[in-house]
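First up is the structure itself, then whatever we jot down about it.
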Amino acid sequence: MYSFKNDYSEGAHPRILNALVESNLVQEEGYGEDRFSQKAMELIKERMGRTDVDIHFLSGGTQTNLTALSAFLRPHEAAIAVSTGHILGHETGAIEATGHKILSIEAEDGKLTPSGVKAVLDAHIDEHMVKPKLVYISNSTEIGSIYKRSELKQLSDFCRENNLLLYMDGARLGSALCSKENDLQLSDLPVLVDAFYIGGTKNGALIGEALVICRDSLKEDFRYHLKQKGAMLAKGRLLGIQFLELFRDNLFFDLAMHANKMAEMLIDGLNQANIKFLTPSPSNQIFPVLPNALITELESKYAFHIWEKVDSEHSAIRLVTSWATKEEMVEAFIEDIRK
Ligand SMILES: Cc1ncc(COP(=O)(O)O)c(C=O)c1O
């Protein structure tokens, strides 16, 4: 059985494991004040060409989203997200449990637009309702689409004009930035968004996300929020060592490029077999629509999610590739489809 279920089905890239082993007996400060974490922050800042951002390492995506959003919002303020947004459908109400409503917008391609956000603002006019304050987007999105620079710029301009915060969930930022269709640079993000995170867990790290806070007013006391939410690890070095290895050279991007290359191979193979897709997705998650009988056959050899029913005879499945996906298994999958 070979899994295309996720990009966290494997452990960590061997270089990251080696870095953890090699540093094992080095004594360090706790709670993210170790030299590995400090160096990793420096390298990420260098990569963005910015020294004026704050970086914090957290262990997972849900934890990062809930710690950040609850710190950034006042009690009566709400977040806005597309209906497919991860914080809405897949985080067990973690944001709501911190006391903040999430206002939902339908978007076929998984991306938020200024007009969608405006519709929410127009419907929330006074203190009898929550006050929309933060726009949550993910890049890549839940359905594998990515934001073009112009789209992000429009959204960013709209947020600034309307005194809204723009937050980007980058659980799969590596794949988004390395997509053939991408025209955004890592260095564009601190200019366009107020905070974002660089996902390590889904891009070769054992665990870990790097939250980048760009707007000054959001930086104050963030370590208090981290600690109060149980996100400040005594052995914070575990996260720092991994990000140090990912950003020491081009490893973070090389791993994302491999994941994307495997997804592109799948797309090419499926296109050649005249398979259609539920939605175009130029990143490491793809959604081919297959006959149900074929899905049942494939399930005996491969693991994947059945995403949604398309009609009585067809369903869309989700295939996810990772930094560790084996090319020969992609070829085998395509061959099985051809047969
Ligand atoms: C876009 C996005 N954000 C956040 C998360 C949550 O990450 P975790 O499962 O580490 O809490 C995921 C996980 O699938 C995700 O895809």
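The values are calculated or read from the model by the stated rules, or taken from the named source; none is laboratory data. Since the model is a prediction, treat every value here as computed from it, not as a measurement. Because the Cβ atoms are built from the backbone with ideal geometry, glycine has one as well, and the counts that use them run over all protein chains shown.
Working carefully through the options Gly93, Gly49, find the one that is within 16 Å of the ligand (Cβ to nearest atom) and either crowded, with 16+ Cβ neighbours inside 10 Å or small (Gly, Ala, Ser) (or both).
Step by step, each of Gly93, Gly49 is checked, and only Gly93 is within 16 Å of the ligand (Cβ to nearest atom) and either crowded, with 16+ Cβ neighbours inside 10 Å or small (Gly, Ala, Ser) (or both).
Please work out which residue is nearest to the ligand (Cβ to nearest atom), limiting yourself to the stretch 53-89 and to residues that are part of a loop (DSSP other than H, G, I, E, B) and in contact (Cβ under 8 Å) with a residue 40 or more places away in the chain.
Gly60
Would you please name the residue that is surrounded by the most Cβ atoms within 10 Å (Cβ to Cβ), looking only at residues in the stretch 19-34 that are in a helix (DSSP H, G or I) and touching a residue at least 24 places away in the same chain (Cβ under 8 Å)?
Top of the filtered list is Ala19.
Where residues in the stretch 160-177 are buried (at least 24 other Cβ atoms within 10 Å of the Cβ) and not in a strand (DSSP E or B), which of them is nearest to the ligand (Cβ to nearest atom)?
Ala171
Taking the options Glu142, Glu127, name whichever one is acidic (Asp, Glu), in contact with a His (Cβ under 8 Å, 6 or more places away or on another chain), part of a loop (DSSP other than H, G, I, E, B) and more than 13 Å from the ligand (Cβ to nearest atom).
Of the residues listed, the single one that is acidic (Asp, Glu), in contact with a His (Cβ under 8 Å, 6 or more places away or on another chain), part of a loop (DSSP other than H, G, I, E, B) and more than 13 Å from the ligand (Cβ to nearest atom) is Glu127.
Those residues that are in a helix (DSSP H, G or I) and within 16 Å of the ligand (Cβ to nearest atom), I need them from the stretch 178-218; list them, please.
If the condition is that a residue be in a helix (DSSP H, G or I) and within 16 Å of the ligand (Cβ to nearest atom), then Leu189 is the only one that fits.
Can Gly93 be described as modelled with pLDDT of 95 or more and on the phi > 0 side of the Ramachandran plot?
yes
Residue by residue, here is whether (1) over 21 Å from Lys180 (Cα atoms); (2) buried (at least 21 other Cβ atoms within 10 Å of the Cβ); (3) at pLDDT 95 or above holds:
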position: Phe252; (1), (2), (3): no, yes, yes
position: Ala259; (1), (2), (3): no, yes, yes
position: Leu266; (1), (2), (3): no, yes, yes
position: Leu270; (1), (2), (3): no, yes, yes
position: Pro288; (1), (2), (3): no, yes, yes
position: Glu297; (1), (2), (3): yes, no, yes
position: Ser300; (1), (2), (3): yes, no, yes
position: Leu319; (1), (2), (3): no, yes, yes
position: Lys326; (1), (2), (3): no, no, yes
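Just to be sure I understand the filter: pairs with C-beta atoms under 6 Å, separated by 6 or more residues or on different chains, first member in the stretch 211-233 and in the same structural domain as Gly199 (by TED's automatic domain parsing), second member in a loop (DSSP other than H, G, I, E, B) and not β-branched (Val, Ile, Thr). Which pairs pass?
Correct list of pairs: Ile213/Lys219; Cys214/Asp194; Arg215/Asp194; Leu226/Met232; Met232/Tyr31.
Inspect the stretch 260-270 for any residue being outside any helix (DSSP H, G or I), over 29 Å from Ile207 (Cβ atoms) and out of contact with any Pro (no Cβ under 9 Å at 6 or more places or on another chain) and give the result as yes or no.
No.
State whether one or more residues within the stretch 49-65 are modelled with pLDDT under 95, under 14 Å from the mean Cα position of the chain (by Cα) and assigned by TED's automatic domain parsing to the domain that holds Leu173.
no
With respect to Ala231, is the statement that it is farther than 28 Å from Tyr136 by Cβ and aliphatic (A, V, I, L, M) true?
no
Given the criterion among the charged types (D, E, K, R) and more than 16 Å from the ligand (Cβ to nearest atom), identify the matching residue among Lys5, Lys39.
One residue alone meets the criteria, Lys39.
Looking at the stretch 96-111, which of the residues that are of a type in the set (A, V, I, L, M) and not in a helix (DSSP H, G or I) is farthest from the ligand (Cβ to nearest atom)?
Leu103
From the list Ser104, Ser70, exactly one residue is modelled with pLDDT of 95 or more and under 30 Å from Gly204 (Cα atoms). Which is it?
Ser70
Which one is surrounded by the most Cβ atoms within 10 Å (Cβ to Cβ) among residues in the stretch 131-159 that are free of Cβ contacts under 8 Å to residues at least 60 places away in the same chain and of a type in the set (Phe, Trp, Tyr)?
Tyr147
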